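Working notes, structure below.
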Amino acid sequence: MRLYNRRMKVSAQEEYGLRCLLQMTRLDAQESLSIAEISRAEELSVPNVAKLMRILRLGGLVCSVRGQAGGYVLARPAESITMDQVLRVLGGPLFGSRFCELHTGIGKTCAHCGDCSIRPVWLKMQELVGEVLKRTSLKDLLQDEAQMREWVANTVDNGREGHRDALASTTSR
């Protein structure tokens, strides 16, 4: 996930990689999908799917299956693979530890590296986005859009209310 033009954007690699994983999430445990099958299902080029599958395999999210019925399968059950894990393998965190090094301006270091009022905002944003991504598994994403909207409202929003309640109780002491 990256920030461009003041809007958060998911990269094509992150979006397409997640879509490829969802194709495998829909399979029975004994089935696998070939690169060509994923390519057709997602209307992506074979070389692009091959690249994505290599990244996902190296990231430990999928395994390759050899043989005539070979292809790719999830490395773990869908309920144990979170969107956070997927996006970290495909693109890294929104605000990584080296984020400030990427935006130095014309100098070697950022003019605000010692005292930055923006950094806490990026860190909080990473925490909030990460909260949602860590609570959402590939299995959760098998729901249709209306079901997922309700799931997000119930699961994520309720979790945040609990977090707010805990925070309020510690500050009211």
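The values are calculated or read from the model by the stated rules, or taken from the named source; none is laboratory data. Computed from a predicted structure; not experimentally measured. Every residue, glycine as well, gets a Cβ built from its backbone with ideal geometry; the counts of neighbours run over all protein chains shown.
Take the range 66-80 and flag every residue that is surrounded by 12 or more Cβ atoms within 10 Å (Cβ to Cβ) and either in contact with an Asp or Glu (Cβ under 7 Å, 6 or more places away or on another chain) or closer than 25 Å to ASP140 by Cβ (or both). Even if it seems obvious, please write down each step before you answer.
We begin by selecting, within the range 66-80, every residue surrounded by 12 or more Cβ atoms within 10 Å (Cβ to Cβ); these are 70-78, 80.
Scanning the range 66-80 gives GLY71, TYR72, VAL73, LEU74, ALA75, ARG76, PRO77, ALA78, SER80.
Out of LEU44, LEU90, LEU94, which single residue is under 24 Å from GLU131 (Cα atoms), out of contact with any Leu (no Cβ under 6 Å at 6 or more places or on another chain) and modelled with pLDDT of 90 or more?
Details: LEU44 fails: under 24 Å from GLU131 (Cα atoms); LEU94 fails: modelled with pLDDT of 90 or more.
Only one candidate qualifies: LEU90.
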Which numbered condition in (1) at pLDDT 95 or above; (2) of a type in the set (A, V, I, L, M, F, W, C); (3) out of contact with any strand residue (DSSP E or B) (no Cβ under 6 Å at 6 or more places or on another chain) is the only one that LEU27 fails?
(1)
Looking at the range 11-30, is at least one residue within 19 Å of the chain's Cα centre (by Cα), surrounded by 15 or more Cβ atoms within 10 Å (Cβ to Cβ) and not in a helix (DSSP H, G or I)?
yes
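Taking ALA41, is it of a type in the set (A, V, I, L, M, F, W, C), in a helix (DSSP H, G or I), surrounded by fewer than 18 Cβ atoms within 10 Å (Cβ to Cβ) and within 21 Å of the chain's Cα centre (by Cα)?
On the way: of a type in the set (A, V, I, L, M, F, W, C): yes; in a helix (DSSP H, G or I): yes; surrounded by fewer than 18 Cβ atoms within 10 Å (Cβ to Cβ): yes; within 21 Å of the chain's Cα centre (by Cα): yes.
Yes, satisfied.
Just name the residue that is modelled with the lowest pLDDT out of those in the range 137-161 that are acidic (Asp, Glu) and assigned to a helix (DSSP H, G or I).
Step by step, filter the range 137-161, then rank; the result is GLU161.
It is to be established whether one or more residues within the range 72-81 are polar (S, T, N, Q), in contact (Cβ under 8 Å) with a residue 40 or more places away in the chain and more than 22 Å from ALA12 (Cα to Cα). Write out each step before concluding.
Going through the range 72-81, the residues polar (S, T, N, Q) turn out to be 80.
Then keep just the ones that are in contact (Cβ under 8 Å) with a residue 40 or more places away in the chain; that gives 80.
Right, trim to more than 22 Å from ALA12 (Cα to Cα) and you get 80.
Taking every residue of the range 72-81 in turn, at least one turns out to be polar (S, T, N, Q), in contact (Cβ under 8 Å) with a residue 40 or more places away in the chain and more than 22 Å from ALA12 (Cα to Cα).
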Mind checking which residues of the range 129-149 are of a type in the set (A, V, I, L, M) and closer than 26 Å to ARG76 by Cβ?
VAL129, VAL132, LEU133, LEU138, LEU141, LEU142, MET148
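Kindly provide the set of residues from the range 43-82 that are under 18 Å from GLU31 (Cβ atoms) and of a type in the set (Gly, Ala, Ser), ordered by number. Step through it out loud before you land on a result.
Of the residues in the range 43-82, the ones under 18 Å from GLU31 (Cβ atoms) are 49, 53, 56-57, 61-79, 81.
Once the filter is applied, which keeps residues that are under 18 Å from GLU31 (Cβ atoms) and of a type in the set (Gly, Ala, Ser), the range 43-82 yields SER64, GLY67, ALA69, GLY70, GLY71, ALA75, ALA78.
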Restricting the first residue to the range 10-37 and requiring it to be under 18 Å from LEU141 (Cα atoms) and in contact (Cβ under 8 Å) with a residue 24 or more places away in the chain, which pairs with a second residue that is aromatic (Phe, Trp, Tyr) and not in a loop (DSSP other than H, G, I, E, B) meet a Cβ separation below 7 Å and a spacing of at least six or different chains?
MET24/TYR72
